[in-house]
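The values are calculated or read from the model by the stated rules, or taken from the named source; none is laboratory data. All figures in this text were calculated on a predicted structure; none of them were measured in a lab. All Cβ positions, glycine included, derive from the backbone under ideal geometry; neighbour counts span all protein chains shown. Accessible surface areas use protein heavy atoms only, side chains included; no ligands, DNA or RNA. Shrake-Rupley method; radii C 1.70, N 1.55, O 1.52, S 1.80 Å.
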Amino acid sequence: MLRLVEIGLKELEKLVAEAADKSMDAFKLSVEAIEEKKASAMREEVKRRVVELRKIREEIDELALEIIARYQPVAQDLRKVKAFMELGYAFLRFGRYAYDALAAFARVEALDINCDARYFRELAPLVKQMMEDSIESIKTLDVIKAMKVISRDDDVDELYHKFLSEIMKSYESVPCAVVEALSIKFLERAADHSVHVASQTVFVVEGKYPE
């Protein structure tokens with residue numbers, strides 16, 4: 001028979017899984033729209049998903065606080081509650097960074113400026129994989145997968161700084177340079193939040209954050 005706290009945790013887990021799925025949906029829509037030069041057309045659709053993510057995050061926080069107040073969880077149960085609250089925020093940020101990148105390209109589209117987005121296209125698949133793996137790690141409590149996500153953060157940082165330097169040196173169009181620089185920064189921040197998600201996996205399982 002399930003303990004009452006376990007029932008609450010299962011409901012919390014469902015909300016977190018929903019937030020994870022919606023955040024990846026927003027990210028994939030944004031990348032596709034940017035690559036197909038349809039940022040303006042998809043901007044409101046992605047924004048709607050961010051609004052949904054914000055509501056889910058509020059539900060996660062409310063339920064988490066209720067579980068703490070009513071059941072006073074301890075040990076791994078308490079770690080899960082704390083981690084789920086962190087995850088609600090992280091998945092909201094996934095969606096928000098996806099929207100911010102899309103909005104940047106939508107602005108230059110509105111000015112009838114054609115930007116190539118080549119650095120964004122190159123970095124996006126690496127970040128997407130980190131996001132997906134971090135989500136999988138928390139769903140399965142796979143510490144090994146989580147640590148692999150964390151180890152890839154330096155690769156993304158290195159590429160980000162390399163691409164930023166190339167943008168500053170090679171772009172003739174100032175608007176395109178600004179948009180590309182912003183968009184890859186949003187990707188770099190999404191990668192950072194993937195590390196945060198993966199770190200929650202380690203915390204839940206081992207009771208401490210990775211060094």
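Some values worked out for this structure:
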quantity: Search result, residues across segment 138-163 that are among the basic types (K, R) and either open to solvent by 90 Å² or more (accessible area, probe 1.4 Å) or not in a helix (DSSP H, G or I) (or both); calculated: K139, K148, R152, K162
quantity: Top-ranked residue in segment 164-177 [being among the charged types (D, E, K, R) and part of a helix (DSSP H, G or I); ranked as surrounded by the most Cβ atoms within 10 Å (Cβ to Cβ)]; calculated: E166
quantity: Filtered residue count, segment 12-40, keeping only those that are basic (K, R), outside any helix (DSSP H, G or I) and surrounded by fewer than 16 Cβ atoms within 10 Å (Cβ to Cβ); calculated: 1
quantity: Meets criteria (free of Cβ contacts under 8 Å to residues at least 24 places away in the same chain and more than 16 Å from K28 (Cα to Cα)) for E109; calculated: no
quantity: Residues of segment 92-127 that turn out to be surrounded by 20 or more Cβ atoms within 10 Å (Cβ to Cβ) and part of a loop (DSSP other than H, G, I, E, B), as a count; calculated: 2
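Residue by residue, here is whether (1) touching a helix residue (DSSP H, G or I) at 6+ places or on another chain (Cβ under 6 Å); (2) closer than 30 Å to K80 by Cβ holds:
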| position | (1), (2) |
| --- | --- |
| D133 | yes, yes |
| L141 | yes, yes |
| K162 | no, no |
| Y171 | yes, no |
